[in-house]
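The values are calculated or read from the model by the stated rules, or taken from the named source; none is laboratory data. From a predicted model like this one, the values you see are computed outputs, not experimental measurements. We place every Cβ from the backbone using ideal geometry, glycine too, and count neighbours over all the protein chains shown.
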Amino acid sequence: MNSSEAAPRRNPRVRLLSAIPESWIRGFLGGLDRLADGFVHLGVSPNRITLFALLAGLAAGAFFAFDFPAWAVVLIFICGALDVIDGKVAVKTGRKSLYGAIFDSTLDRYSEFFIYFGLAYYFRGRWPMWIPFFTFLGSTMVSYTRARAEGLGIECRIGFMQRAERMILLVLGTLIGIIFNVFDPAMIIVLTAIAVVSNITAIDRTLLVRKIERQMTKDKEV
């Protein structure tokens with residue numbers, strides 16, 4: 001019996017995405033699918049689209065850093081959209097590969113870093129400048145603990161603050177801050193929420209592996 005078979009079933013927690021009407025999600029993904037068809041027609045490779053997503057994340061961070069949040073939120077949206085489109089193009093063109101998968105995941109981490117670094121620079125000289133560093137730490141550990149657990153043969157999808165959820169919160173926080181002229185407190189709240197919940201998720205996933213290992217040990221002793 002392998003570890004994934006021994007793993008106890010756990011009900012997935014309610015995620016932020018579940019609060020969005022399904023019709024909206026279908027419409028959004030349908031639009032991205034049409035855009036993916038356009039990239040396929042133009043002959044753009046999935047890895048090049050991934051690079052475009054990285055550049056969008058870098059630009060978003062720069063716009064945050066120099067106090068242009070409206071442009072930053074547009075670039076975050078583009079970054080997130082391209083992150084979905086590159087996978088669709090890879091499937092449509094039959095160009096899915098192990099290298100493409102790790103290339104995509106690696107550049108996702110870099111694009112998030114640039115966004116959080118831009119926010120840290122925006123808050124420079126004030127105490128909130130430290131929050132984005134813990135936000136990025138938590139964001140990275142959410143991905144790392146899942147990848148490490150699955151490398152050990154244990155499915156590990158519990159918890160909140162997947163990449164899509166983090167991007168949605170950043171977009172919502174930015175929009176609320178712009179519309180109601182409360183950008184600083186809105187971003188402090190959003191960044192703190194991501195930092196706290198993502199780090200809790202990383203710890204929870206680590207403890208899940210311990211729980212499953214103990215269960216496997218008991219099963220062997222029986």
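Matching residues to (1) within 20 Å of Ile203 (Cβ to Cβ); (2) charged (D, E, K, R); (3) assigned to a helix (DSSP H, G or I); (4) in contact with a Leu (Cβ under 7 Å, 6 or more places away or on another chain):
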{"residue": "Phe77", "(1), (2), (3), (4)": "no, no, yes, no"}
{"residue": "Gly80", "(1), (2), (3), (4)": "no, no, yes, no"}
{"residue": "Val89", "(1), (2), (3), (4)": "no, no, yes, no"}
{"residue": "Arg95", "(1), (2), (3), (4)": "no, yes, no, no"}
{"residue": "Ala101", "(1), (2), (3), (4)": "no, no, yes, no"}
{"residue": "Asp108", "(1), (2), (3), (4)": "no, yes, yes, no"}
{"residue": "Glu112", "(1), (2), (3), (4)": "yes, yes, yes, no"}
{"residue": "Ala120", "(1), (2), (3), (4)": "no, no, yes, no"}
Checklist entry - Do we find that Asn199 is outside the structural domain of Leu82 (by TED's automatic domain parsing), more than 26 Å from Ala59 (Cβ to Cβ), among the polar types (S, T, N, Q) and at pLDDT 95 or above in this structure? => result yes
Next on the checklist: For Ser143, only one of the following conditions fails: (1) free of Cβ contacts under 8 Å to residues at least 24 places away in the same chain; (2) assigned to a helix (DSSP H, G or I). What is its number?
Outcome noted: (1)
Next on the checklist: The conditions are (1) surrounded by 20 or more Cβ atoms within 10 Å (Cβ to Cβ); (2) under 16 Å from the mean Cα position of the chain (by Cα), and Arg163 fails exactly one of them. Which is it?
Outcome noted: (1)
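Whether any residue in region 58-68 is of a type in the set (Gly, Ala, Ser) and either over 22 Å from Phe136 (Cβ atoms) or under 14 Å from the mean Cα position of the chain (by Cα) (or both) is what I want to check.
No, there is no match, as no residue in region 58-68 is of a type in the set (Gly, Ala, Ser) and either over 22 Å from Phe136 (Cβ atoms) or under 14 Å from the mean Cα position of the chain (by Cα) (or both).
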